[in-house]
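As structure tokens, the structure follows; a few thoughts come after it.
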Amino acid sequence: MNILVIGGAGYIGSHIVYELNDAGHQVTILDNFSTGLRENVDARATLVEGDMQDLTLLDRLLDGEASGSAGTFDSVIHFAALKAAGESMEKPERYTRANLIATMNLLNLMMRHGIKNFVFSSSAATYGSPEYLPIDEKHPQKPINYYGYTKLVIEQTMEWYSRLKGLRYAALRYFNAAGYDVQGRITGKEQNPANLLPIVMEVAAGSRPKMQVFGSDYPTRDGTCIRDYIHVNDLATAHVKAMEYLASENRDLTLNLATGEGYTVLEVIKEAERVCGRPIPHDITDRRPGDPAELVAASGQARETIGWKARHSDLKQLVESMWNVYK
Ligand code: WQD
């Protein structure tokens, strides 16, 4: 199939582009390189450098003939968004523009060009604080940060467009994405990371003197927060299967992408010390506002509908695949 991947030079998008090409699809990437990296772009893809908020560019790109790509696109996979939960509470306008307005404009242009197959990066952040665990797709969605809210509004808009305009969408709710390509093809590192794993790696590699553990008084096995980490290669296979499912089954999908296993912050640090063979200096500090003690997902729905199972998301592979890049 002929696929447009928006944000295909990003940390997650670049892994999906490799997987799509490996599966024999034709891929065009649209990326403005605000956070994407050229070194992570799969050479087999067609690269269009530009901003999805440039509606003239996007309209021409979706009108395949004009842009010379092999006809218009069979599917659009959309990764380009701002994703820092904390920042979204200080600068909501940025998230309104980059996440909400940009995606609504994209959906309208897709409808204009008759492109109905859409795979969207949603997030566990749409759930907010867990009311039960593991979190399944029926869990109430009460986001506790503006970033999660933007993802929820887009999910609800896709449902309306499915009913009114025949949009076929997959809302893929990632839990905590981590790891690097197990084949070592992607080596460009995220800059100024806010997430746990890259921060642990920067300390292990010596580019960051030490790190903080945000709270050790949670009601968990060692007092630190538990999260459900999912390897980007596993995210990639899920996206390809979801896109192919939309085309063949002609039914919408809303899926958690997670493992159902959780690891605490200290367990991640300990595994990194073992894999990297050196101590990871860390101070235990106060809790970070908004952090739930535990976020673990039920991932049965993805297994049943698209036959997807995480293969690289155990802590050892997550840390080893990252250390191969950071060392
Ligand atoms: C994980 C755990 C921290 C850094 C966020 C977004 C979520 C999603 C994934 C996009 C927490 C602890 C972290 C550090 C620490 N993003 N931690 N010291 O908060 O679970 O989810 O990223 O979809 O929307 O909210 O991920 O990696 O920030 O934190 O102790 O230096 O590690 O307190 O318990 P989080 P995270």
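The values are calculated or read from the model by the stated rules, or taken from the named source; none is laboratory data. All of these numbers come straight from a predicted model, not from anything done at the bench. Cβ coordinates were reconstructed from backbone atoms using ideal geometry, including for glycine residues, and neighbour counts include every protein chain displayed. Protein only, heavy atoms only, side chains kept; ligands, DNA and RNA dropped before computing areas. Shrake-Rupley method; radii C 1.70, N 1.55, O 1.52, S 1.80 Å.
Things worth noting here:
- All positions within segment 219-239 that are open to solvent by less than 10 Å² (accessible area, probe 1.4 Å) and assigned to a helix (DSSP H, G or I): Val232, Asp234, Leu235, Ala236, Ala238, His239
- Among the residues making up segment 206-216, a single one is in contact with a strand residue (DSSP E or B) (Cβ under 7 Å, 6 or more places away or on another chain), in a loop (DSSP other than H, G, I, E, B) and either crowded, with 16+ Cβ neighbours inside 10 Å or at pLDDT below 95 (or both): Ser216.
- Scanning segment 84-135 for residues that are modelled with pLDDT of 95 or more and of a type in the set (Asp, Glu) turns up Glu90, Glu93, Glu131.
- Any hit, segment 278-289, residues being of a type outside the set (Ser, Thr, Tyr), open to solvent by 10 Å² or more (accessible area, probe 1.4 Å) and under 18 Å from Ala124 (Cβ atoms): yes
- Qualifying residues in segment 277-297 (those that are assigned to a loop (DSSP other than H, G, I, E, B) and more than 28 Å from the chain's Cα centre (by Cα)) - the one farthest from the ligand (Cβ to nearest atom): Gly277
- Qualifying residue in segment 182-205 (condition: among the acidic types (Asp, Glu), open to solvent by 10 Å² or more (accessible area, probe 1.4 Å) and in a helix (DSSP H, G or I)): yes
- Residue-level check: of (1) in contact with an Asp or Glu (Cβ under 6 Å, 6 or more places away or on another chain); (2) within 13 Å of the ligand (Cβ to nearest atom), Ser162 misses just (2).
- From the options Arg44, Arg94, residue that is charged (D, E, K, R), open to solvent by 50 Å² or more (accessible area, probe 1.4 Å), without any contact (Cβ under 8 Å) to a residue 60 or more places away in the chain and not in a helix (DSSP H, G or I): Arg44
- Residues of segment 126-164 that turn out to be within 21 Å of Gly300 (Cβ to Cβ) and among the aliphatic types (A, V, I, L, M), as a count: 2
- Within segment 301-323, the set of residues being loosely packed, with under 15 Cβ neighbours inside 10 Å and not in a loop (DSSP other than H, G, I, E, B) comprises Arg303, Glu304, Lys316.
- Test result for Thr264, within 16 Å of the chain's Cα centre (by Cα) and among the polar types (S, T, N, Q): no
- The C-beta contact set for segment 239-268 (first residue touching a residue at least 40 places away in the same chain (Cβ under 8 Å) and on the phi > 0 side of the Ramachandran plot, second residue in a loop (DSSP other than H, G, I, E, B) and open to solvent by 20 Å² or more (accessible area, probe 1.4 Å), distance under 7 angstrom, 6+ apart or interchain) comprises Gly260/Pro134; Gly260/Ala298.
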